[in-house]
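Below: the structure, in structure tokens.
The values are calculated or read from the model by the stated rules, or taken from the named source; none is laboratory data. Keep in mind that this is a model prediction, so the values were computed, not measured. Every residue, glycine as well, gets a Cβ built from its backbone with ideal geometry; the counts of neighbours run over all protein chains shown. Quick note on the areas: whole protein, heavy atoms, side chains included, nothing else; ligands and nucleic acids left out. Shrake-Rupley method; radii C 1.70, N 1.55, O 1.52, S 1.80 Å.
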Amino acid sequence: MGQGLWRVARNQQLQHQGYSGQSYLTREHGRRLATNSISNTNHRKQAQGGIDIYHLLKTRKSKEQEGFINLEMLPPELSFTILSYLNATDLCLASCVWQDLANDELLWQGLCKSTWGHCSIYNKNPPRGFSFRRLYMQLDEGSLTFNANPDEGVNYFMSKGILDDSPKEIAKFIFCTRTLNWKKLRIYLDERRDVLDDLVTLHNFRNQFLPNALREFFKHIHAPEERGEYLETLITKFSHRFCACNPDLMRELGLSPDAVYVLCYSLILLSIDLTSPHVKNKMSKREFIRNTRRAAQNISEDFVGHLYDNIYLIGHVAA
């Protein structure tokens, strides 16, 4: 009797443990299946897209929530103002996102005229299909060609209708452009004296102090590294132009183009003397006044002294 009751209790206990274990196994099996399913799904996403699509969308949404500005949603004049601060490379990249805005002709026209201030094509009726973006690419290509071979560069501009075959037009283009290599430009102007003549006349030295005017002149028309016929030609042309721009001052000081020529040469020699590290015994102000007045006797001592002070304080006139 006692053993029978024990067997009944034991069977009930085993049945109860069996049901609980089965329930646990069932839940555990389900959890593992769900985990494997999620893992397989993520694996397929990564295999198909190379990245976690969910993470990408989440990142994109967070960026949008940070306040990314869409230029197309702004007023057009404000969008154009923002894009006008970009250079050509950045504007091309912006056109991948805002094609209608970044390809606007006004933006590319501004880029062309800010880099190449004068082109003959600016003053002509544009041909059919004309584009300032295409013109910018041609101007950039022509400038690179000029910096390799000046004659080929000028011929390229003429072949594209950008420049007229005129010394005055070429001079204006050179005067308003800052992308040309100064060494190649110096070689070109030495060969094309007709262009050089028109380039000199574009300078206005009115009411400028002589050393400052000489600096401005050599900033556009670079002086050769050695003395010679070309340097003498440049100083001669500058002297006549400076006198033409300041007739009243020339009469007041009693200066002629020849006297200005002497002063310019003296200023160049003084600049070398004061700025060169190889010259140990620098020229004094008294020596400069004495030597200059010996070559040009009509020049006042005070005026020559001011010339010396300008070079001493500001520096080389042809650096």
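Structure notes:
- Residues that are farther than 27 Å from His240 by Cβ and touching a strand residue (DSSP E or B) at 6+ places or on another chain (Cβ under 7 Å) do not occur anywhere in the stretch 170-190.
- Criterion: closer than 18 Å to Ile221 by Cα, at pLDDT 95 or above and in contact with a His (Cβ under 8 Å, 6 or more places away or on another chain) - qualifying residue of Lys172, Lys168: Lys172
- Flag if Ser266 is touching a Lys or Arg at 6+ places or on another chain (Cβ under 9 Å) and small (Gly, Ala, Ser): no
- Count of residues meeting criterion [open to solvent by 30 Å² or more (accessible area, probe 1.4 Å) and either in contact (Cβ under 8 Å) with a residue 60 or more places away in the chain or among the charged types (D, E, K, R) (or both)] in the stretch 179-221: 17
- Qualifying residue in the stretch 281-303 (condition: of a type in the set (Gly, Ala, Ser), surrounded by 15 or more Cβ atoms within 10 Å (Cβ to Cβ) and touching a residue at least 24 places away in the same chain (Cβ under 8 Å)): yes
- Qualifying residue in the stretch 143-156 (condition: touching a residue at least 24 places away in the same chain (Cβ under 8 Å), open to solvent by 30 Å² or more (accessible area, probe 1.4 Å) and more than 22 Å from the chain's Cα centre (by Cα)): yes
- Within the stretch 117-137, the set of residues being open to solvent by less than 30 Å² (accessible area, probe 1.4 Å) and in contact with a Cys (Cβ under 7 Å, 6 or more places away or on another chain) comprises His118, Leu135.
- Leu267, sole failed condition from (1) hydrophobic (A, V, I, L, M, F, W, C); (2) under 30 Å from Phe173 (Cα atoms); (3) open to solvent by 20 Å² or more (accessible area, probe 1.4 Å): (3)
- Among the residues of the stretch 222-260, the one identified as open to solvent by 50 Å² or more (accessible area, probe 1.4 Å), under 22 Å from Thr177 (Cα atoms) and not charged (D, E, K, R) is His222.
- Residue within the stretch 110-118 that is among the charged types (D, E, K, R) and touching a residue at least 24 places away in the same chain (Cβ under 8 Å) present: no
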